[in-house]
Structures are given as C-alpha cells and as structure tokens.
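Engineer: I'd like to ask some things about the structure below.
Coordinate-derived values only; no laboratory data. Here the structure is a predicted model, which is why all the values come from computation and not from measurement. Positions of Cβ are backbone-derived with ideal geometry, glycine not excepted, and every protein chain shown enters the neighbour counts.
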Amino acid sequence: MKTDGFHTRVSAELADIDAQGLTKPERVILSRQGPIIEVGGREVLNFCANNYLGLAGDERVVAAGNNAASAYGAGTASVRFICGTLGIHKTLERAIADYLGFEDAILFAAAFDANGGIFEPLFGAEDAIVSDSLNHASIIDGVRLSKAKRYRFATSDMADLEAQLKQARADGARDIVIATDGAFSMDGYVAKLGEIRALADQYGALIMVDDCHVTGFMGEKGRGSFSHCGVQVDFVTGTFGKALGGAMGGFICATAPVVQLLKQRARPYLFSNALSPAVCGASLEAIRIAQGEEGDELRARLFANAARFRGAMTEAGFDLLPGSHPIIPVMLGDAKLAQDFAARMLELGVYVIGFSFPVVPRGQARIRTQMSAAHTFDHIDQAVAAFTQAGKELGVI
C-alpha cells in the first residue's frame, strides 16, 4: 500500500525514542488523587502531582463538583456564545477575577487554550511579543499564532530583556508585551517580576504572566507571582487544574475591555465547548478554601514540606536546582537514567516521573518532585529514604 512508508516511519521514530530512553510511560492510577495513590494494584506515595494545596481529592471540592453536575448536567453541548453560557460560568469568572484582583476574567477549556488564545486577538503585525526562552509550550504556541514580531530573552536575564525591548522599540513596535511564566514548571524558578516591571515601565511595555504553577499558594492569600513580587501586571493566565482543585480549565484575568475583546475574538473560546459544570463547581469551592484562613494554613504546610524535603535531599547528596518553590527537580542528566530511576522508585513505593527531552533540554534529564500540603513529614522522610536507596543503587550518590 502507498501508506506503508508512513507507518514504517512512525514505528521507526517510536523505536528511536525508546532506544534513547525518552519514552514516557503512562502509569494507570486507580484511586483519587492525593499523597497516597493506587498504582499497579498497590498503594504508593505520590510525589509528582501538581496538587499543591491537596484539594484535588478533598471531599468538599468533590461534593461541590457533584452538586454542580446535578444542577446543570454533564455539559452544555455548545460553545459559550451559542448556547453554552451558564450561571455558574459567570460566577466562576467573577470569583477568579475578584480573588486575583482584576476587573474581569474569561474561562477556557484548558490553560493551554488560555495561553493559545491571548496573543492573536490582542497583538497584530505592528506589535511585538518579548518572550522568556523557557516559557511553557502553550505560550510558545500562542505566540506563533499571532502576527506580532517575536523576540526572545534568556530566562530571567534582565540585560537581555532590556536589549530585546530596545530592539522592539527600534523596530517601530506599536505595543510591546513581555510574556513570562510566573514560575517555570520544569525548574521551579520564580520570574523576576519586580525587575521586569521596572523595565516594562521604562520601555512602555505590557506584562503577561502565566501563573499556572503559582496561583493559590504564592503571594498574599495565594494570589500569584505578581503578588509575591509586589507588582501589578496586565494579564494573568492560570488554571483550575493544579492548586485550585486539580480538575482542568484555564482562565485569563485582565481589564474588562480586554476580556470583552477576547470573548469576541479568541478562537479557543469561540470554538470550544464551555467548561463543564462539575469543574466550575469544584473550582469555586477550591477558590473559597484557598483565599481563607484554611488556605493560609495549607500554604504554610506546603512550604514547610518543601523545605524539609529540600534539606534532607541536599544532605543525602543529590543535585537539586536552587529555590524555595514546591517544584524541586532532582537533576540526573541522562534520560535513560531518569527513566530507570523513576522505575526503581516505583518499586520502592514512591511514584515519581523521569523528565527528559523534549520536555526539558537534552542533557538535563531529571526527576521533578512536587510537594503538596497533603504530604506529612513522615511521607517526606519515606520518600527521601527511597531516593537515597535508589541513588546509591544507580550510582547517583
């Protein structure tokens, strides 16, 4: 058949991925998300979920999602502007905007869609986007969809950022937007938003921040990286799929006119079904918890857990990227070693994942651990013991 060559090529590419140790296995979880999960017929410690506040399996969050589904059904069977805007969508938009301190918000089926939909409607060929080189893939794809001129700066390198801003101005840009992750998901580094704000003011630029790995647990009441750094930004994108309930769905917070323009022009919003009622209900309950006193307690526990894990792993001799974020990468370098290490950890009762190219640069393979407020110190000590045993067996420490 004429298509045999295509299928042969796909099979060869898969074989090459596997030979390089880059295959990313899917391990099936048969329980609710939490610090302990069921994998392969047994319970293991979970140290790789983005469940920062431990709310993904919280009974109140689950009940709120179930109640919303009971009231509104499984879904709208429509996009928002046709027949798909529910009262609970408006309630969630108002809740996330108020929580983060913005005039308005727009919901998307996924945070990937939020980043994919923000640039093209707002910035044209006369404009410029200056993007951090380690930004999330969704920002990169969103930038590609825009006709704006593209500039990149080295991660958190303010001298390079200023050089790119100067170049954009010299090239006659009408509007410039600086795009950055609030916290970089593979490294746990927090963007230097204070310095970025100063440069944005100097060169008349806007700031867009992706706070998927910050909203809910950094800054005042968990409002995000801009709050953590004590500055204002123009656009914040985020998710309900991590700290705020762990389900899915994304949002953009901005001024009311910007949100209205996005609702008229953002393609992922106009051509995707509305966010399911269950996700909206669960997210609303997670926001309620996150912005209250209980949220303060969960945030304190989360960062105490991160400090304990980081200190014990450093003492054990592992190479960790510096920082205080609950993302704590254990650097291994080799892709196959990362896969073998993750497999051995699962045998020892700890679920972690090896990250390698193209998720991270070649030669920077790692185990990216994620702390949660739901972990106890005992969980952390058990995980460190397993890491230490695997590290000695595989020649890492």
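Engineer: Tell me the Kirkwood hydrodynamic radius of segment 162-273 in angstroms, computed as one over the mean inverse distance between distinct C-alpha pairs. Present the calculation step by step, with values, prior to reporting the outcome.
Structural biologist: On the way: mean 1/r = 0.0661 Å⁻¹.
Averaging 1/r across every pair of different Cα atoms and inverting gives 15.1 Å.
Engineer: Within a 10 angstrom radius of the beta carbon, how do Y269, Y72 rank from fewest other beta carbons to most?
Structural biologist: Least crowded to most crowded, the residues run Y72, Y269.
Engineer: Across segment 78-84, in residue order, what do the Karplus-derived ³J(HN,Hα) couplings come to in whole Hz, using 6.51 cos²θ - 1.76 cosθ + 1.60 with θ = phi - 60° and x for Gly and Pro?
Structural biologist: For segment 78-84, the Karplus curve yields 6, 7, 4, 7, 8, 7, x Hz.
Engineer: Translational diffusion coefficient, Stokes-Einstein: compute it for segment 176-231 using the Kirkwood radius over C-alpha pairs as Rh, at 10 °C and 1.306 mPa s, and state it as an integer in µm² s⁻¹. Display every interim value, and only then the final one.
Structural biologist: On the way: Rh = 11.2 Å.
Taking Rh from Cα pairs, D becomes 141 µm²/s.
Engineer: Full extension from E293 to D334: what is 0.36 nm times the residue separation minus their Cα-Cα distance, to one decimal in nm? Write down the numbers at each step before the final one.
Structural biologist: Numbers: separation 41, 0.36 × 41 = 14.76 nm, distance 4.31 nm.
Full extension of this stretch gives 10.5 nm more.
Engineer: May I ask you to list the lysines whose Cα is less than 21 Å away from that of K192, ignoring any residue fewer than eight positions away on the same chain?
Structural biologist: Hits, sequence-local ones excluded: K166, K221.
Engineer: Run the quick spin-label model on K24 and E347: label points 7 Å from Cα toward the beta carbon, then report their separation in nm to one decimal.
Structural biologist: Each label point is offset 7 Å from its Cα along the Cβ direction, giving 2.5 nm.
Engineer: Figure the gain on full extension for E13 and K166 (residue separation times 0.36 nm, minus the Cα-Cα span) and round it to one decimal in nm.
Structural biologist: Here the answer is 50.9 nm.
Engineer: Where in segment 360-380 does the amide nitrogen come within less than 15 Å of the point 7 Å from the Cα of D319, taken along Cα to Cβ?
Structural biologist: Counting backbone N atoms under 15 Å from the label point, the list is 361-368.
Engineer: Which ³J(HN,Hα) values, rounded to whole Hz and listed in residue order, are derived for segment 266-280 from phi using the Karplus coefficients 6.51, -1.76 and 1.60 in 6.51 cos²θ - 1.76 cosθ + 1.60 with θ = phi - 60°, glycine and proline given as x?
Structural biologist: 6, 5, x, 7, 6, 10, 10, 4, 5, 4, 5, x, 4, 5, 4
Engineer: Which one, A266, L320, L348, is farthest towards the positive end of the dipole of segment 263-373 when Lys and Arg carry +1 and Asp and Glu -1 on their Cβ?
Structural biologist: A266
Engineer: By the gyration tensor of its Cα atoms, with a ≥ b ≥ c the square roots of the eigenvalues, what is the shape of segment 1-133: rounded for a/c under 1.5, prolate for a/b over b/c, or oblate?
Structural biologist: oblate
Engineer: Can I ask one more? Quick query: amide H of Q20 versus all other amide H atoms, modeled in the peptide plane; which residues come in under 5 Å with a sequence gap of 5 or more or a different chain?
Structural biologist: none
Engineer: Taking a 28 Å limit on the Cα-Cα distance, which of the listed pairs K2/K24; K149/K263; K24/K149 fall beyond it?
Structural biologist: From K2/K24; K149/K263; K24/K149, over 28 Å: K2/K24; K24/K149.
Engineer: Return the calculated 222 nm mean residue ellipticity for the chain, to the nearest 500 deg cm²/dmol, obtained by summing -39500 (n - 2.57) across DSSP H runs with n ≥ 4 and dividing by the residue count.
Structural biologist: Rounded to the nearest 500, the figure is -14000 deg cm²/dmol.
Engineer: What pairs from K147/K242; K90/K147; K336/K392 go past 19 Å between their alpha carbons? List each step's numbers first, then the result.
Structural biologist: Details: K147/K242 31 Å; K90/K147 31 Å; K336/K392 16 Å.
Checking Cα-Cα distances, K147/K242; K90/K147 exceed 19 Å.
Engineer: Find the centroid of the Cα atoms in segment 288-336 and in segment 1-23, then give the distance between the two in whole Å.
Structural biologist: Their Cα centres are 38 Å away from one another.
Engineer: Suppose the chain between E38 and R60 were pulled fully straight at 0.36 nm per residue; how much longer would it get relative to their current alpha carbon spacing?
Structural biologist: Details: separation 22, 0.36 × 22 = 7.92 nm, distance 2.14 nm.
Computed gain between E38 and R60 is 5.8 nm.
Engineer: Please list the equivalent ellipsoid semi-axes of segment 60-290, computed as the square roots of five times the alpha-carbon gyration tensor eigenvalues, in descending order and whole angstrom.
Structural biologist: Taking √(5λ) for each Cα gyration eigenvalue gives 31, 19, 13 Å.
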